[in-house]
1. Within region 29-42, identify whether any single residue is in a loop (DSSP other than H, G, I, E, B), open to solvent by 70 Å² or more (accessible area, probe 1.4 Å), under 30 Å from residue 358 (Cα atoms) and not aliphatic (A, V, I, L, M), and answer yes or no.
2. What are the residues in region 185-230 that are farther than 21 Å from residue 144 by Cα, modelled with pLDDT under 95 and buried (at least 18 other Cβ atoms within 10 Å of the Cβ), if any?
3. Of all residues in region 280-307, which are out of contact with any Leu (no Cβ under 9 Å at 6 or more places or on another chain), in a helix (DSSP H, G or I), open to solvent by less than 60 Å² (accessible area, probe 1.4 Å) and among the small types (Gly, Ala, Ser)?
4. Is it the case, given these coordinates, that residue 153 is in a loop (DSSP other than H, G, I, E, B) and modelled with pLDDT of 95 or more?
5. Look through 51, 62, 44 and report the one residue that is aliphatic (A, V, I, L, M) and over 30 Å from residue 244 (Cβ atoms).
6. If you check every pair at least six apart or on different chains, which have Cβ atoms under 9 Å apart with a residue in region 320-343 that is touching a residue at least 12 places away in the same chain (Cβ under 8 Å) and more than 22 Å from residue 356 (Cα to Cα) first and a residue that is of a type outside the set (Phe, Trp, Tyr) and part of a strand (DSSP E or B) second?
7. Where residues in region 113-141 are among the small types (Gly, Ala, Ser) and without any contact (Cβ under 8 Å) to a residue 40 or more places away in the chain, which of them is least open to solvent (accessible area, probe 1.4 Å)?
8. Read through the list (1) buried (at least 16 other Cβ atoms within 10 Å of the Cβ); (2) touching an Asp or Glu at 6+ places or on another chain (Cβ under 8 Å), then give the number of the only condition that residue 321 fails.
Amino acid sequence: VGIDLDVKDDDVFFRIEKRGLTSFEAIRRIARALGRKEGDVGCAGLKDKRAITRQSLSLEFASEEELRALEIPGIAVLEVARHKNKLKLGHLRGNRFEIRVRGVRDGDLARAQAKIALLERVGLPNSFGPQRFGRDGTTPLLGRALLREDAASFVRVFTGYEGDEAPTTDDEVPAAAKDSLVRRCLQAWRERGRPEHGMRALPKRFLSLCVSAVQSEVFNCVLERRVEGGQLASIVDGDVAFLHRNGACFAVAGDGEVREAAARAASFEISPSGPLPGPSCLRPGDAVGELEDEVLAGFGLTHEAFALRRPWAQKGARRALRVPLTSGSACSVRETRSGDVRCLELGFELPKGSFATALTGELFA
């Protein structure tokens, strides 16, 4: 993300390194340390908890000095500079990854190098990684409860607390309540009297992510069906093509358009797309449309189900079925910190919204 050093600008961008924290928890701790609301802190994307990650955040009407002075366990402020805009989700071009894989076997290095070279030519299946679906895969369950506007089910799944009334003693609180968001949810329910209050005490960004996880399930299922049919990279009649340059989407219909699209897909200018369901999601035609409708029906969903009058509603969109993999590398290293361990060290770059686990799944499935 480019940084403008004009001191008249109202926002401050600061780059952090975090360890063992979700982006939500890092933002919560930063906001608390500065006496600000969590919504005041802008971020362009969410980073994994179980990793050392770096990302830029923004904060309006903050001083560079107070950000540089932050001392929060698990968080280090690396850079601070003024900017004229607030960061919002999606305001980034991509991510760079360095991953060390332990427990490798003979031949894994050669296979990884060959697979990376192939994926750089044909593209990486753009699946959502398991981290999108949360611990034990429960995040889509939360999303479906939000779509049904079923606050009681949401709170039950989120907290692990089975009671019909809010817990009144520490003995009633489930072990999961050591998580700060679970504590916040249960406390709001207890203090204000209804499960809806507990649910609404959670960050809007988190609630939106839960509904997005339902969209991600649908997309992954469509992607799997297209891969099984050999249609990861090929544009077929009825497809909605995704233009990698700017994310624009357009329908492809008729033999002439299919032939033109095939040439553009071969040069990686465009790719077929899959649905992130919602009322504004472009609908494909012919067999592609039938496949997507079948997948949605299998989940008991429609595009209109996402059109709630709630902050977590989703308009819907299209997502490329494949993405370019660039700067890919794999090398063998030995790790001596906890014994002499053979490892593979992977390096690569992906566009925004794509998951490193999509690549590791391809390499080691």
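The values are calculated or read from the model by the stated rules, or taken from the named source; none is laboratory data. Since the model is a prediction, treat every value here as computed from it, not as a measurement. Neighbour counts are summed over all protein chains in view; Cβ atoms, including those assigned to glycine, are modelled from backbone coordinates with ideal geometry. Keep in mind that these areas ignore ligands, DNA and RNA; they rest on the heavy atoms of the full protein, side chains included. Shrake-Rupley method; radii C 1.70, N 1.55, O 1.52, S 1.80 Å.
1. Within region 29-42, none of the residues are in a loop (DSSP other than H, G, I, E, B), open to solvent by 70 Å² or more (accessible area, probe 1.4 Å), under 30 Å from residue 358 (Cα atoms) and not aliphatic (A, V, I, L, M).
2. 188
3. Matches in region 280-307: 289 only.
4. Spelling it out, it is not the case that residue 153 is in a loop (DSSP other than H, G, I, E, B) and modelled with pLDDT of 95 or more.
5. Being aliphatic (A, V, I, L, M) and over 30 Å from residue 244 (Cβ atoms) holds for just one of 51, 62, 44, which is 62.
6. 341/102; 341/334; 341/335
7. First, pick out the residues of region 113-141 that are among the small types (Gly, Ala, Ser): 114, 117, 123, 127, 129, 134, 137.
Those still in the list that are without any contact (Cβ under 8 Å) to a residue 40 or more places away in the chain too: 114, 137.
Working: 114: 63, 137: 34 Å².
Ranking the qualifying residues of region 113-141, first place goes to 137.
8. (2)
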